[in-house]
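Accompanying notes for the structure given below.
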């Protein structure tokens, strides 16, 4: 049995919470991020909060200058740029898959099968996790390491954005439509139908617009 590192588990929770707070603009670029204060706020050790900060520096949400750490302004333009890059990366991956001789689509089928059989009445984070896993497997199937690495730098932020987006009204729509939207993408991909590109583009554009609307509120 694999031993779980409790410190890593604690750090992961703090990373997710601080990332969410930055995205929801609870910190401004003028605020200095002090380890002692953050450790108290997120109920972790200073060592853990250093791990958290370094992770979010890597994700581009925090910057360090002369040993001072501050959040990077998370604006509408930031969101638009993220979704534009995501669109380019996923469109490129799908083009590669459409033109390839063989597609390893079983991992994608597995994800949708898991949702179909176990997804009823699950927490919204379950759907958000499946969403990220589906798109990650899509990029992995393209066998282009550079595309996947670029996408991975944003994947955690997209997971948080999905959770932030889930207002009561949107949550219901998200859960109802989730399976159908992703199944349509996969079905088109399996038969190498180029309209899959249009479905991916529409899917990501919708996500961007919903995110912008929620963040604005």
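The values are calculated or read from the model by the stated rules, or taken from the named source; none is laboratory data. This structure is a prediction, so every number in the text was calculated from the model and none was measured. Reconstructed Cβ throughout: ideal geometry from the backbone, glycine too, with neighbour counts over all protein chains shown.
Out of the stretch 112-130, which residues are under 20 Å from the mean Cα position of the chain (by Cα) and outside any loop (DSSP other than H, G, I, E, B)?
Answer for the stretch 112-130, where residues must be under 20 Å from the mean Cα position of the chain (by Cα) and outside any loop (DSSP other than H, G, I, E, B): 112, 114, 115, 124, 125, 126, 127, 128, 129, 130.
Quick test for you: out of 79, 103, 98, 109, pick the one residue that is closer than 26 Å to residue 144 by Cβ, touching a residue at least 24 places away in the same chain (Cβ under 8 Å), over 22 Å from the mean Cα position of the chain (by Cα) and not in a loop (DSSP other than H, G, I, E, B).
So the residue among 79, 103, 98, 109 that is closer than 26 Å to residue 144 by Cβ, touching a residue at least 24 places away in the same chain (Cβ under 8 Å), over 22 Å from the mean Cα position of the chain (by Cα) and not in a loop (DSSP other than H, G, I, E, B) is 98.
Return the total of residues in the stretch 99-117 being surrounded by fewer than 16 Cβ atoms within 10 Å (Cβ to Cβ) and at pLDDT 90 or above.
5
Can you tell me which residues in the stretch 36-70 are assigned to a loop (DSSP other than H, G, I, E, B) and without any contact (Cβ under 8 Å) to a residue 40 or more places away in the chain?
Of everything in the stretch 36-70, those that are assigned to a loop (DSSP other than H, G, I, E, B) and without any contact (Cβ under 8 Å) to a residue 40 or more places away in the chain turn out to be 42, 43, 44, 45, 66, 67.
Has the stretch 83-94 got any residue that is surrounded by fewer than 18 Cβ atoms within 10 Å (Cβ to Cβ), modelled with pLDDT under 90, in a helix (DSSP H, G or I) and in contact with a helix residue (DSSP H, G or I) (Cβ under 7 Å, 6 or more places away or on another chain)?
No, the stretch 83-94 contains no residue that is surrounded by fewer than 18 Cβ atoms within 10 Å (Cβ to Cβ), modelled with pLDDT under 90, in a helix (DSSP H, G or I) and in contact with a helix residue (DSSP H, G or I) (Cβ under 7 Å, 6 or more places away or on another chain).
Could we say that residue 33 is touching a strand residue (DSSP E or B) at 6+ places or on another chain (Cβ under 9 Å), without any contact (Cβ under 8 Å) to a residue 40 or more places away in the chain and buried (at least 18 other Cβ atoms within 10 Å of the Cβ) here?
yes
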